[in-house]
Structure formats: structure tokens, C-alpha cells
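Participant: One structure is given below, represented as C-alpha cells, and several questions about it will come after.
The values are calculated or read from the model by the stated rules, or taken from the named source; none is laboratory data. This is a predicted model, so every value here is computed, not measured. Neighbour counts are summed over all protein chains in view; Cβ atoms, including those assigned to glycine, are modelled from backbone coordinates with ideal geometry.
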């Protein structure tokens, strides 16, 4: 067998990113009957992993997770890049294509440090740097204090253990992929809405690379891809940034998607929610939902978003 890999998959170096890349490789090898050596994992250190003492929105936003992988893709040093789709900017360079979305895992958040949102002690400090989690928490519990916590899963768990916060949130999918399935208490995603595209692993390649697109297409999960596309289209319509508190949940059944979304004021005092049901692949319905949310938002909330052109 040739020692040259058939595919070179780029990935961030964090433990979770590596676990996701290993899953992508396993699915590719199973789909094509390849030996593991056919897919080389190429780790890079992303800018977002280098700076962990400030909120992402302050240091460049979601592009910090994709910048290095984008460059390597353009240069041909890798054939494709594995991403956590919730960390990928809504508008991507036209030269790239999201060729595959893997079957989506548990979309929920997990709460660490308390048995439920209601059970968090009054006045407690809850660690998160995610505007969605902060606003959603303060909407339900305005008596709590939000403190900024960033870092990978292990870092955030260690900061909680060290007493930097009394409670925190982590994505269930990330914990499960790291073998930490017993950590935390699952929050009902119908009541505590997750981030758009949460729990979805995407694989991106050069749009004009027909060979790689075809190989990746073998592991594309149509239902998950349609959900992620709808949620990213919602983001596009809202024009949100890393500062914008946006939550969304898709439910798929028989070729249709039921999408519930909410936007908040950063302090959580205002919550605007709405839902839409549409055929999978409909690109207009998520934009219409975004417009309805913005139409209902008072100026103080709408200022954190912008209408799509």
C-alpha cells in the first residue's frame, strides 16, 4: 500500500478538535474501506487557542479558529479542514465549500456546579464568555453574576475546580467526545436553547477540488447538514457577531425542520423568541425568521444585530 495519504485533514490541536478529527477519519475510512493511514491528521495551533485570557469577541471573533486552517487549505498543505461548526464564521470565503457535516451529536448544554439553573445559589458567580449563555442565564436568574471564563474543556473544568466560578456551562457533545459523558447535568435544549450549529462537526475543502468533495460527500449526513445550513442562514439574516446573544434549536422530521430561535439583550432582561417550520433546504424561511425576530426587537436589542441586505 502506498505510504502517501489519500487525504490530509487539518485540525486545531486542542484535545476536542483532535477527537473530532479522529471521528472524521474513522468515518472516512469506514465509508471508503481505507486503512487508517490513508487519512493523515495535520494539527495546527489556532490563534484562538493562543489567547485565552480575553473574550473571543475582543480579540478577533470566530475567525481566530479558522484563520490558520484557511491558509493551509489555500496553500494546498491540507486537503480539507475539520471544524466545530458553531465556531465557524457565518460568511466564509467563496473558494471554500462545506463538503460534509457529520451526524450531529447531543445539542444540549450541560451545567457544572449545580443540579439545575434554579439550584444555583443566589448571588453565585457563573463562568462563561459566551454572550448567549450569559444573556440566557441572566434572563432566568438576574441575581447571578457572570464572570468570564475561556479555554478548552479541561481548562474550564479546572477553573471551576479552582473556585474561579461557582458554576459553568459546557456543550454536551464536546464532553461526550472527550469521554466526559458523566460530567455535568444536561439542560433541556427546548428550554435552554443551544448555540446555532452546536454539536455539529463540519469538513471544509477547496470548492474547486472535485476529488476531495466527492470523497467527503460519502460521510455527509443530509439531515444534520440541512439543520446546520438553516441555523447558519438564520445567523446570516440576524447579522450577529460574537457579541450577539443568539440561541437556536432545530428539530428534523420527515424532511422538514422546525427551527426555534431567540435573541436577547446582553444583560438578559429582554428575550425575543419565534419559530418556523419549513422543508429542509429552504434558504428563505430562516431569513424570514430572522427578520421577524428583529422586527419584534426594541432598538436597544436590534442595535446588536443588523438586517441582512
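Participant: When you scan segment 256-269, do you find a residue that is part of a loop (DSSP other than H, G, I, E, B) and closer than 21 Å to residue 108 by Cβ, even just one?
Facilitator: yes
Participant: I've got another one for you. Could you please find all residues in segment 191-209 being in contact with a strand residue (DSSP E or B) (Cβ under 7 Å, 6 or more places away or on another chain) and over 16 Å from residue 175 (Cα atoms)?
Facilitator: Result: 192, 193, 196, 202, 203, 204, 205, 206, 207.
Participant: Pick from 144, 175: which is closer than 24 Å to residue 83 by Cβ and surrounded by 18 or more Cβ atoms within 10 Å (Cβ to Cβ)?
Facilitator: 175
Participant: Tell me, please, whether a residue that is touching a residue at least 24 places away in the same chain (Cβ under 8 Å), surrounded by 24 or more Cβ atoms within 10 Å (Cβ to Cβ) and assigned to a helix (DSSP H, G or I) can be found in segment 216-225.
Facilitator: Looking for residues that are touching a residue at least 24 places away in the same chain (Cβ under 8 Å), surrounded by 24 or more Cβ atoms within 10 Å (Cβ to Cβ) and assigned to a helix (DSSP H, G or I), one finds at least one in segment 216-225, hence yes.
Participant: Here is a further query. So which strands (runs of 3 or more DSSP E) are wholly in segment 122-179 and hold at least 2 residues that are without any contact (Cβ under 8 Å) to a residue 24 or more places away in the chain and either out of contact with any helix residue (DSSP H, G or I) (no Cβ under 9 Å at 6 or more places or on another chain) or outside the structural domain of residue 12 (by TED's automatic domain parsing) (or both)?
Facilitator: Of the strands (runs of 3 or more DSSP E) lying wholly inside segment 122-179, those with at least 2 residues that are without any contact (Cβ under 8 Å) to a residue 24 or more places away in the chain and either out of contact with any helix residue (DSSP H, G or I) (no Cβ under 9 Å at 6 or more places or on another chain) or outside the structural domain of residue 12 (by TED's automatic domain parsing) (or both) span 145-147.
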